[in-house]
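> Pasting a structure here, questions to come.
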Amino acid sequence: MGEEILRVENLKTYFFTEAGVVKAVDGVSFSVYEGEPLGIVGETGSGKTVTSLSIMRIVPPPGKIISGRIIYRGEDLLEKSEDEMRKIRGKKIAIVFQDPNSSLDPLFTVESQLNEVIMAHLKVTKQEARNRALELLKMVRIPDPEARLKAYPHELSGGMRQRVAIARALANEPDILIADEPTTNLDVTIQAQIIELLKELQSKLKMTLIMITHDMGLVAETTKRVVVLYAGSVAEIAPTNEIFKSMRHPYTAALLKAVPRIDRRKELKPIPGSIPNLIDPPSGCRFHPRCPYVIQRCIEEVPELEFTDQRAVACHRWKELSLKGE
Amino acid sequence: MAGLWRYILRRLLFVIPVFLAVTLLTFLITNAAGDPVQIVKFAIRRITPAQVAALEAYYHTNEPIFARYFYWLFSFLQGDLGTSLRGGLVASKILPWIGTTLELQFLALAFSLAIGIPLGVYSALKQYSKADVVISSIAIFGYSMPTFWLGIQAIIVFSLYLKWLPFGGAISPYPPYWGGSIYTDIIGHLILPVGVLTFVSLATFTRLLRASIVEVLRQDFILAARASGLRERVVVYKHALKNAISPIVTITGLSIGLSLAGAPITETVFSWPGLGYAYVQAVNALDLPVVQDLTAIITIVVLLVTILTDISYAYLDPRVRLE
Amino acid sequence: METSNKKLAKKRRSASQLAVVWRRFRRNKAAIAGLVLVGFVVFMAVFGSFFAPFPPRSFPCLYKGCTSLPPFQDWSHPLGTEPSGIDVYSEILQSARNDLYVGLAATLISVAIGLGIGVASGYSSGVSGALLLGITQVFLVLPVLVLILLFSRILVLLVAQGFGLTIIVLILGIFGWPGIAYITRGETLRLKEAEFIQATKALGASKSRILFRHIMPNILSPVIVIATLTVAANILTEAAISFLGFGDPNTSTWGQMLNDGFSWLNYWWISFFPGIMIVFSTLGFNLLGDGLSEALNPRLKE
């Protein structure tokens, strides 16, 4: 494992809506090590996307980062000025969004959207930027890149658009690439190709990859370590190969049971109940209303994240439960 | 670009049915009473026999109504606009009318865009701030304000009581000129109509642009642009504004169309010698040849403006050309 | 027993939906302001003639030496009088009913035509649908005001006087439908392909049942919004017609008063006060329409 490159400490990001304060991220902490592929998993509304937007400091209103620290190479990003932050976005840390249909501006060509990102960080001529853009399109394996440069997003297929979005994120060879559900809006066959591409680029560029997803299968395939989020806080952190064998948080276990697996013909078990209301979250452990192992203590006391060996878990009963993969 | 040309052609073809519909409708309305010559006789009691003869020739009253419509259509298309019942050839007056109308409309449009775009952007970026609330409130006020009423009040205040500005018309018919020279006189006459029209359409633009930008700022590609480290100025003025403006262009077209079609009212208020004022007077006098031709010409002008905006929309947004 | 339970549940559901819309609407200050303004205008329309000291289009000051009175001087004529002897305050109250009547009645006609044509052109495929769409598109770009002016001039000439308002209502109604038809058509097309409609179809529901039980209720909310805005537009257009002198001179409307005021510019109060009333009512309906559209369409707001 490389050096620690990014550390999120007790991050809280709230959304101040008319209906009340939504505590989308409420005390999330984890570390990312240089060169590793890290997964962040959770259901919709677990706070994974808001966490990534918080790292970039682009949480849209009415959202606001309330407290915490985001340490990138020893410096707290939350203390940087807006202009210093701008120089980090897209240069040091970049992000690929979920839906390539909406993450590219429909009114500009591929070339102009790549150029502007390159030229926002480097003093290069238009011609140099164009060459770089061409190189990027080749890197993400877009056929006939010369012609594609002149295309508008609507002239490309969904998979091609996502490749362009990836090329844009990689334009300035960032240290960290955050991929926020990069395949959710794509066809299944295209999904596999995009994942292949990301894996290949990650190992070739020795990039730190943060893969945000709700899909445990994808976690198994692409990551070395995984952070499990539930309702705005961390449930469990573990090396990927271990978590499939022994999970320590009942939520992780439930999440794994909900994943279809080819190798085992077992009935899928959906997690009972639904993600709690984040305006008025449950007391104690936030998972307690859905947890099969709930005891009185879980309702009364918020479990701390406990670190042991290379793992961490926030559960009062993890030692006695010894949950196993099936 | 080939797509763009095909799109333009298709839009231009749309003019034909609309033009035919409007002129036929006008024709039927003016003939609804039966024989148009009888209407005119009824309304204008002191009509001369020469005028009656001119009318009968003009309308071919002894032939069926649709035949009469085609008579009109062919002479109109050949540029023969006939004779006004109040004397004079229609054709010789129409060009100056079009000129004066467009002068007023385009000045007002230019001013309302020049002021409305920055106001709308500012209002959207500072959503729910005090300035935004003030701008938005004034905007909806202006939007609900009848142009003609505002015009009357402006004339009462600035021309009648304060005596700052000349009264109606496009130019003083004889010296002394307002402000001393003929140029200041022309400008002086423009201030009130342009000001009132600008205020009203400004309100529409600001409101729509604000709504449109607020909507665009929520899109993923804005987030993506920020995440790429683009300057806030680039994010707002390049990406947000261009995306917000393309729907606005369509609405601008509609509103120019509306404003032109509303020219009868605004021009009457300011006695502005354009198409609309001429039209109201012709309708009032039941000068049917002029009415028929003016309707046709107003329709063409409105349609051309609408199509021009459609084309600029297609130019701005590459997706439109495909449809 | 079961059906009555179902009905009850349905009733409760629609009641709670209304409550949600109302809660959203209530939070919007501009919408409430619109509601208050509309309420004020409706109140004037209903009770105005009781408070009006003089009958409509009457000349109480003629031959009495109180013509051309400025406002706030003689409290028997609080808003002043016209040179012809008309009392401005009384005339404004008498006009409210006529203005609101034109606004609402013309809108009803437009909604009826627009809904019919819109649903028909959206629902029927092939030639008839395309034809209806074509007609709608042509009507959408017509220079309506120009035609309306001509229409009312000719009709007022033909029909005996006193029918003035009805004629204007008919004309406004007949020319006001294309926008409504366009929106209705779009919604119908969208709904026709919607899964729940396809499912009902698969279950063997008849065409008319789908149309009236499923499509109509879903189209209602956009139509309510545009109808509210149309009321405002109609009040404005009526005022314009009367202002230009193409209305019925014997019927009291605010536009007619503007026409008087335009002839007597020196007496500013003649046009000022009725104009304020026009602004109130159009502003009221516009704010109400905007508020309804936000309350009925939560997509636009979080």
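The values are calculated or read from the model by the stated rules, or taken from the named source; none is laboratory data. No experiment lies behind these values; they were computed from the predicted model shown. Cβ atoms come from the backbone with ideal geometry, glycine included; neighbour counts cover every protein chain shown.
> So which of C:Ser128, C:Ser110, C:Ser121 is part of a helix (DSSP H, G or I), more than 14 Å from chain B (Cβ to nearest Cβ) and free of Cβ contacts under 8 Å to residues at least 24 places away in the same chain?
Answer to the selection: C:Ser128.
> Please work out which one of (1) free of Cβ contacts under 8 Å to residues at least 24 places away in the same chain; (2) among the hydroxyl-bearing types (Ser, Thr, Tyr); (3) more than 8 Å from chain B (Cβ to nearest Cβ) is the condition A:Thr109 fails and give its number.
Every condition holds for A:Thr109 apart from (1).
So that you can scan it fast, the table gives a plain yes or no per residue for (1) touching a helix residue (DSSP H, G or I) at 6+ places or on another chain (Cβ under 8 Å); (2) surrounded by 21 or more Cβ atoms within 10 Å (Cβ to Cβ); (3) closer than 23 Å to B:Gln127 by Cβ; (4) at pLDDT 85 or above:
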position	(1), (2), (3), (4)
B:Ala224	yes, yes, yes, yes
B:Leu230	yes, yes, yes, yes
B:Ala240	yes, yes, yes, yes
B:Ile251	yes, no, yes, no
B:Ile256	yes, yes, no, no
B:Gly262	yes, yes, no, no
B:Ile265	yes, yes, no, yes
B:Tyr277	yes, yes, no, yes
B:Gln281	no, no, no, yes
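> Scan segment C:219-256 for residues that are within 13 Å of chain B (Cβ to nearest Cβ) and among the β-branched types (Val, Ile, Thr) and jot them down.
Passing the criteria: C:Thr228, C:Val231, C:Ile235, C:Thr237, C:Ile241, C:Thr253.
> Please work out if B:Leu230 is within 14 Å of chain A (Cβ to nearest Cβ), among the hydrophobic types (A, V, I, L, M, F, W, C) and assigned to a loop (DSSP other than H, G, I, E, B).
yes
> A:Thr189 - would you say it is under 28 Å from A:Ile118 (Cα atoms), surrounded by fewer than 23 Cβ atoms within 10 Å (Cβ to Cβ) and of a type in the set (Ser, Thr, Tyr)? Give the steps one after another, and end with the answer.
Values: under 28 Å from A:Ile118 (Cα atoms): no; surrounded by fewer than 23 Cβ atoms within 10 Å (Cβ to Cβ): yes; of a type in the set (Ser, Thr, Tyr): yes.
Spelling it out, it is not the case that A:Thr189 is under 28 Å from A:Ile118 (Cα atoms), surrounded by fewer than 23 Cβ atoms within 10 Å (Cβ to Cβ) and of a type in the set (Ser, Thr, Tyr).
> Residues of segment A:125-152 being under 24 Å from the mean Cα position of the chain (by Cα) and part of a helix (DSSP H, G or I), which ones?
A:Leu136, A:Leu137, A:Met139, listed by residue number.
> Please go through segment B:266-296 and give me each residue that is assigned to a helix (DSSP H, G or I), more than 10 Å from every other protein chain (Cβ to nearest Cβ) and either over 22 Å from B:Ser201 (Cα atoms) or among the small types (Gly, Ala, Ser) (or both), ordered by number.
Once the filter is applied, which keeps residues that are assigned to a helix (DSSP H, G or I), more than 10 Å from every other protein chain (Cβ to nearest Cβ) and either over 22 Å from B:Ser201 (Cα atoms) or among the small types (Gly, Ala, Ser) (or both), segment B:266-296 yields B:Ala278, B:Gln281, B:Pro289, B:Val290, B:Asp293, B:Ala296.
> Would you mind finding the one in C:Ile270, C:Ile278 that is in a helix (DSSP H, G or I) and within 24 Å of C:Val146 (Cβ to Cβ)?
Sole residue among the options that is in a helix (DSSP H, G or I) and within 24 Å of C:Val146 (Cβ to Cβ): C:Ile278.
> For the structure I just gave you, tell me whether A:Gly27 is surrounded by fewer than 16 Cβ atoms within 10 Å (Cβ to Cβ) and touching a Gly at 6+ places or on another chain (Cβ under 8 Å).
Spelling it out, it is not the case that A:Gly27 is surrounded by fewer than 16 Cβ atoms within 10 Å (Cβ to Cβ) and touching a Gly at 6+ places or on another chain (Cβ under 8 Å).
> If I go through segment B:86-132 residue by residue, how many of them are exposed (fewer than 15 other Cβ atoms within 10 Å of the Cβ) and either in contact with a strand residue (DSSP E or B) (Cβ under 9 Å, 6 or more places away or on another chain) or of a type in the set (Ser, Thr, Tyr) (or both)?
The total comes to 4.
> Quick one: is A:Asp180 more than 14 Å from chain B (Cβ to nearest Cβ) and either free of Cβ contacts under 8 Å to residues at least 40 places away in the same chain or closer than 17 Å to A:Phe97 by Cα (or both)? Reasoning before the result, please.
Numbers: more than 14 Å from chain B (Cβ to nearest Cβ): no; either free of Cβ contacts under 8 Å to residues at least 40 places away in the same chain or closer than 17 Å to A:Phe97 by Cα (or both): yes.
It is false that A:Asp180 is more than 14 Å from chain B (Cβ to nearest Cβ) and either free of Cβ contacts under 8 Å to residues at least 40 places away in the same chain or closer than 17 Å to A:Phe97 by Cα (or both).
> Could you tell me whether any residue of segment A:112-124 is under 18 Å from B:Lys238 (Cβ atoms), out of contact with any helix residue (DSSP H, G or I) (no Cβ under 8 Å at 6 or more places or on another chain) and either more than 7 Å from chain B (Cβ to nearest Cβ) or not in a helix (DSSP H, G or I) (or both)?
Looking through segment A:112-124, at least one residue is under 18 Å from B:Lys238 (Cβ atoms), out of contact with any helix residue (DSSP H, G or I) (no Cβ under 8 Å at 6 or more places or on another chain) and either more than 7 Å from chain B (Cβ to nearest Cβ) or not in a helix (DSSP H, G or I) (or both).
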